[in-house]
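Scroll down for the structure; my scribbles are underneath it.
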Amino acid sequence: MTGAGRRHAVAVILFAALALLAAGCGDQSTLSPHSKASRDIATLWWWMLGAAGVVFFGALFLLLLGWTRRRKRGLPVFGEDEGLTTGLVVTFGIAVPVVTLIALFVVANFSVVSATQAPKTASTAMTIQVIGHQWFWEVRYPGTTAVTANEIHIPARTRVNVVATTTDVIHSLWVPELNRKIDMIPGHRNRVLLYADRPGVYRGQCAEFCGPQHAHMSMKVFAQPPDRFRAWLRNMAAPRRAPSSPELTRGEQVFVASACASCHTIRGTSAHGEVGPDLTHLATRTTLAALTIPNRRGYLGGWILDPQHIKPGAKMPAIALGGADFQAVLDYLQSLR
Amino acid sequence: MSAVTRSTEASGGAEIRGVERNRLSQPNGWWGIVLLIATEATLLLAIVGTYYYLRFQATQWPPRGIAAPSVALPLVMMGVLLLTSVPMQLAAVATRAGRVGPTRALIVLAMLVQAGYLAVQIILLRNDLLDFSPAATAYGSIYFTMIVAHHAHVAIGLLLDVGILIRLIGGLTDYRAVGVRAIALYWHFVNLMAIIVVLTQLSPSL
Amino acid sequence: MATTTTTTAARARVDRLERIWEERPGLLGWLTTTDHKRIGILYLFTSLAFFGAGGVEALLIRTQLLGPDKTVLTPQQYDAVFTMHGVTMIFLFVIPISIGAFGNYLLPLQIGARDMAFPRLNALSFWMFAASGIFIYIGLAVGQAPSAGWFNYVPLASKTYSPNLGIDFYALGLIFNGISSTVASANFIVTIFKLRAPGMSLNRMPLFCYAFLAVSFALLFALPVLSVSLIFLELDRQLGFHFYDIAHGGDPLLWQHLFWIFGHPEVYIIILPAFGIATSIIPTFVRRRMVAFPLVALAELLVAFIGFGVWAHHMFATGLSTATTVYFAAASLVIVIPSGIQLFAWIMTIVTGTPEFKTPLLWIVGFIVFFIIGGLSGIMFAAIPFDQQLTDTYFVVAHFHFVIFGAAVFPILGGLHYWFPKVTGRMYHEGLGKVSFWLTFTGTMVTFFPMHILGLLGMPRRNYTYPRDMGWTGFNVLESIGSYVLAAGLVLIAVNLAMSLRRGAPAGNDPWKAPTLEWATSSPPPPYNFAVIPAVSSPYAMWDPEDREKDVRNLEAGVLVLEQGHETPTSTVVDAEWDEVVEMPSDSPWPISLALALSGMFAMLLLAHWVTAGVFLAFAALVLLAWHSKEPQEA
């Protein structure tokens, strides 16, 4: 059994090293926390890993002992006394676990858990609403008319109360660097805390299987300095930027008259569709289709003409637009800052 | 070891009495029915549990537009059904004594009452269906599902009655005696569940 | 015992038993058999076929994830494949192979009985299981596979979001499957309670049987809850009821509660038989009795019991109240204790014994290692905030594959080797056995261990693809390579066993000098199992030579031979005092007929042909009537 033993020791050490390494890279890692909540959970993990390592190597040591003494009965020194072996089972199987588990229970479920909980209703400076759709995130800022999608802006160093709901199936809101996840369940208003230590962009993803495009239901949290956040919110709450040229006006007319308007809203126009994301300030966003593709002209055009190629199963149908109309709509959408 | 008893071959009063006297523990068939009851009880309790789960989530129960169930007739019917446990148990006792005549008569008596109960229940269910639909609200869904699940158990009991009565035409054997006892036990379970289901069904009016 | 028969009197008795218990030959014999061993073999091959299917699905998943943005499968195909993988491995492989194959074949042998308590019900269980599996796979074959995951959350599984018949195949198939398992578990409980050889009081019963007793009780109480949740789902989908529909007073969380009230005991149902196999193999190869026998027996029963009180730890991220989550976290920690007892009992037994690391024991050591890893990561999920962070990521996938594949399937594979000589009469190839173990062990480690890291790096489960720049690619590639190694290991096992079937060295009755009664009879055992109902005075019956000598004397004297018919003795529940002799049924056409009638009914329910479904149900009732036309017999 030494073979198995050594292999495991190597694997576990490798694992620890890799995990440490990984903590630095990747932007959706639970191990690169950027808030107290996430940090407490990560710390809890490292402690649990340590304790688990002790148990694992302890057990491995015993199995190894079994292998080295495979021709000798009983234990070294203690022999084969039935009462003693039973006593050891009771010690390692009952006594030690009880003590460790009580410690884990208290630390994890009373101390750490309080750091991750949603702010009390009255205590919070700010509440935002995130609504899951197949397959994008709608973001609303109660008290304002601001609506956006897939890019959640919050002020840094502010405890934000997030109300998580859904319009269709169950989704789960999860930004691991900032906090644990919370499910979005029809008929339930769940809440979670979002807090970022410092300005930055934190990636998140739907964590409850929600249909064929579950894999492409991601979002980003932009934590901004409070004044920049306020400026962003002011812009977001405003209706769309009125077309400033005949070409853009034509783009708006095509958009409103086409199938686009039956699913999308552009505030300030007669497009009031509620199936897809609000596009009032589409050009301010960095990505399209819930982080599937960058928000650049070529991708945007490709998305409009053939969304099923990029995101098979998505609710968006291919929109057939003539060459000139198509360019006008692209110009128009790119002007929606 | 020489006193090996071959119980299943016993037939006729004296032999069955002898088997029953010598037997130290419940026979396999009895255990089988106990386990069937255990699993069926879990099934019914999960349904009843769902009733209360949905009820405690609801702001109004039954929902607006659905009258609270009327109490008198279902309670009387429940009482009548409970009484059938008496002849069923007596039938089980009679088999232990190897007496086939009383066994048959008692089962027929119980079966008539049980069939009547099911008939009246089905009429009540039809009336309820005219008032509200299981496809309109969760209340309707759980209400009808729970009651139909109960009815299904009564119906299965009736089939068991018929089955054992057919077997008893050919007289009593120990195999059939165990069968009667198992079926009596099943009816006690159905009746116990009737109390739980009917009281749950009527709970908005109680 | 056949080989130890010496006198002509004994020989005559054995011949008479052979005549009485002779099985119908050919295909018809297999279709109508009620012999627990043949039913066990039917279970074995059927569940192995499903294992193959589930394995191919696993490889498809791993191939799709071999790199970012791959298109081996479309998203819809991927969803169907991972759903079928889960459903297959849990309901059509692990449970039927452990309970149906190992339990059926071995349990009556270990308690010294001649069959299960209800042999025809036993056949019915098998045919219903086979039919339910085929039923679910027909869904895949006609392109209507379920694709909402094995726990099938509503409203994704509702008619609105899953309009094709996939979910109906799943729901009806699992209700059908559940009836099969319920019948089987009742059969096991009565068999264990009543059919133990006189003298085998509960404290002399092997630990393997304790595990099966615990599993059977867990199944008996868990399955009805699954059935209820599935019936509600079908009523919602087919008749427009509103159990799970929030708009009309239902609640999607109701599904989650019902499903996990079943689903968590299910985890212990999956693993307890593996514990039972481990407690059979360890004493044999370390040449000593299990340490802390009563504690282990108690722990096996406790695990099954406490398993019913922990379901909501699957729902920590659903926004349950803090008090609720804390209760369920505490209960989830409590269940660690009985698992810890068993773990250290196995380890201490190995340490204090003189272990001979033959293939079966290697699998058990592999199982212990994986069970520790899966158990430790499981404990971490009782830390609510950690659970809320890592649930629904690859960390969970890692956790339950260590538990289900590492800890449940490894003992099954070990058991295949351990009991191969008993079932076939031949030895497998030891060298190949060891190679296949190390290949599978390495493959398992490489496939599933990096999943922990992926989860920590934020990769959610059930994603059909992943972006290039997340730092996930390397681990995914490693896992996919591991899965091919793992598959190679499994294929090697199949090759080894298949070749040994013909070429293996003859095994004799008891090649391992094992402690339990299945080794008392010939390999393979005769249809009546034992010529003499064996004498038992400890859980290690074969290590009590006086008892075995007594069996030989009994056969010569004609004591406890029961040569007047298809008979087995029953005994009292606790002390196993001799009670009576019951006549067992022999082959019967009714179990398979009933299963066919019920298949017809479920198919019609699927197609919403209610009247035709009723006709099939009536058929089923007629079959039952015919079933009971023969007596005196046990069911």
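The values are calculated or read from the model by the stated rules, or taken from the named source; none is laboratory data. Predicted model, so just to flag it, every value in this text is computed and none were measured. Here the Cβ positions follow ideal geometry from the backbone for every residue, glycine too, while neighbour counts run over all protein chains shown. These accessible areas exclude ligands, DNA and RNA; they are computed on the full protein's heavy atoms, side chains included. Shrake-Rupley method; radii C 1.70, N 1.55, O 1.52, S 1.80 Å.
Tabulated data
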| item | result |
| --- | --- |
| Mean Kyte hydropathy of 1.0 or more with a Cα span along the axis of at least 24 Å, helices from DSSP in chain B | B:100-131, B:138-169, B:174-202 |
| Cβ charges +1 (Lys, Arg) and -1 (Asp, Glu), total dipole of the protein assembly as shown, debye | 1920 |
| C-alpha center-to-center spacing [segment B:135-152, segment A:247-314] in angstrom | 46 |
| Test item: Cα-centred dipole of segment A:26-116, Lys/Arg +1 and Asp/Glu -1 on Cβ, debye | 340 |
| Within segment C:335-351, backbone nitrogen closer than 15 Å to the virtual label 7 Å beyond the Cα of A:V98 toward Cβ | C:335-341 |
| Top of A:A242, A:A149, A:A261 by mean-square fluctuation, Gaussian network on chain A, Cα under 10 Å | A:A242 |
| Buried accessible area, chains A and C (both chains, 1.4 Å probe, Å² to nearest 100) | 7500 |
| Cβ neighbours within 10 Å from other chains - mean over A:72-82 | 3 |
| Complex-versus-alone comparison for segment C:343-371, residues with a loss of 30 Å² or more in accessible area, probe 1.4 Å | C:F344, C:I347, C:M348, C:V351, C:T352, C:T354, C:P355, C:F357, C:V365, C:V369 |
| Cα gyration tensor, segment A:246-334 - rounded (a/c under 1.5), prolate or oblate | rounded |
| Between 0 and 90°, nearest 10: helix C:430-456 axis offset from chain C longest Cα axis | 30 |
| Cα gyration tensor shape of segment B:29-110, rounded if a/c is under 1.5, else prolate or oblate by comparing a/b with b/c | oblate |
| Shape call, segment A:26-116: gyration tensor on alpha carbons, a/c limit 1.5 | oblate |
| Highest to lowest packing among C:16-26, B:73-83, C:557-567, scored as the average C-beta count within 10 Å | C:557-567, B:73-83, C:16-26 |
| Relative packing of A:127-137, C:263-273, B:29-39, which averages over residues the other C-beta atoms within 10 Å, highest first | C:263-273, A:127-137, B:29-39 |
| Probe 1.4 Å, protein heavy atoms only - accessible area per residue of segment B:27-205 in square angstrom | 39 |
| Theoretical FRET efficiency, 1/(1+(r/R0)^6), r = Cβ-Cβ of C:L607 and C:F45, R0 25 Å, to 0.05 | 0.25 |
| C-alpha center-to-center spacing [segment C:443-492, segment A:112-185] in angstrom | 31 |
| Protein-protein interface of segment A:195-228, residues with accessible area decrease of at least 30 Å², isolated chain reference, 1.4 Å probe | A:R203, A:Q205, A:A207, A:E208, A:F209, A:P212, A:H214, A:A215, A:H216 |
| Loss of accessible area when C meets B, both sides summed, Å² nearest 100, probe 1.4 Å | 3900 |
| Accessible carbon and sulfur surface of the protein assembly as shown relative to its total accessible area, %, 1.4 Å | 67 |
| Taking chain C and dividing mean pair separation by its residue count, relative contact order in percent (alpha carbons under 8 Å, at least six apart) | 21 |
| Listed residues B:Q57, B:Q89, B:Q121, most fluctuating in chain B (Gaussian network, C-alpha, under 10 Å) | B:Q57 |
| Relative packing of peptides A:84-94, C:165-175 - highest average C-beta neighbours within 10 Å first | C:165-175, A:84-94 |
| Rounded FRET efficiency, nearest 0.05, which uses the C-beta distance separating C:R11 from B:A67 and R0 of 60 Å | 0.15 |
| Residue-normalised accessible area of segment A:121-237, given per residue in Å² at a 1.4 Å probe | 30 |
| Antiparallel DSSP beta bridges within chain A, as percent of all bridges there, nearest 5 | 65 |
| 1.4 Å probe, heavy atoms, protein only - residues of segment C:389-410 losing at least 40 Å² accessible area vs chain alone | C:Q389, C:D392 |
| Exercise: per-residue mean of other protein chain Cβ atoms within 10 Å, C:314-324 | 4 |
| Cβ-placed point charges (K, R +1; D, E -1), dipole of segment B:50-142 about Cα centre in debye, nearest 20 | 300 |
| Rel. contact order, % - alpha carbon contacts under 8 angstrom, at least six apart, segment B:27-205 | 40 |
| Mean separation of Cα contacts under 8 Å, 6 or more apart, over the residue count of segment C:554-635: relative contact order % | 24 |
| DSSP beta bridges in the protein assembly as shown [antiparallel fraction, %, rounded to 5] | 70 |
| Where labels lie 7 Å past Cα in the beta-carbon direction, separation of B:Q60 and C:S537 in nm | 7.7 |
| Alpha-carbon centroids, segment B:44-100 and segment C:278-311: separation in whole Å | 41 |
| Inter-chain Cβ neighbour average for residues A:61-68, partner chain, 10 Å | 5 |
| Mean accessible surface per residue for segment A:26-116, computed with a 1.4 Å probe while every protein chain stays in place, in Å² | 48 |
| Helix-only CD estimate at 222 nm, as mean residue ellipticity for the protein assembly as shown, using -39500 (n - 2.57) per DSSP H run (n ≥ 4) | -19500 deg cm²/dmol |
| Between 0 and 90°, nearest 10: helix C:75-87 axis offset from chain C longest Cα axis | 30 |
| Inter-probe distance in nm under a simple model that places probes 7 Å from Cα toward Cβ, at C:A626 and A:D197 | 7.5 |
| Acute angle (nearest 10 degrees) that the helix C:166-194 long axis makes with the longest principal axis of chain C, alpha-carbon atoms | 30 |
| FRET efficiency, B:L165 to C:L27 (Cβ-Cβ, R0 30 Å, nearest 0.05) | 0.20 |
| Charge dipole (the protein assembly as shown, unit charges on Cβ, about Cα centre) - positive-most of C:L230, C:L362, C:A145 | C:L362 |
| Dipole of the protein assembly as shown [Lys/Arg +1, Asp/Glu -1 at C-beta], most positive-end residue of C:S132, C:L598, C:L301 | C:L301 |
